[in-house]
Amino acid sequence: MAQGFTPIVEFYGANAALLNQRLMHWSHTDAAGIETDRLELTLNIEGLDGLPTLNGKIGLRAGYLELGWWKRASLSSPNAHRCCFPCA
């Protein structure tokens, strides 16, 4: 994508408000065929009382501010795990 485009992402579903407010970095790998997709999130948990549950289904929309939304995914978290820095 040429310079001048602003990437945007929005989460919906379980813990959506928390994810959208505290998101620092995200990466979505759309695996081929029946392989499992991977969603990695880095959240700012400073000042947060407790951590959100890992169960539930979340969705994401991604795109560019200037062009609109272009990608949508719905994911469940059967293999979700937390990693606090430093990650092992």
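The numbers here are math on the coordinates, done by the rules we state, and not lab data. This structure is a prediction, so every number in the text was calculated from the model and none was measured.
Tell me, what is the percent relative contact order of segment 1-59, built from C-alpha pairs under 8 Å that lie six or more residues apart?
36 percent
If you wrap a convex hull around the C-alpha atoms of segment 7-76 and split its volume per residue, what is the figure in Å³? Before the final figure, lay out the partial values.
On the way: hull volume 6.5 nm³, N = 70.
Dividing the Cα hull volume of segment 7-76 by its residue count gives 93 Å³.
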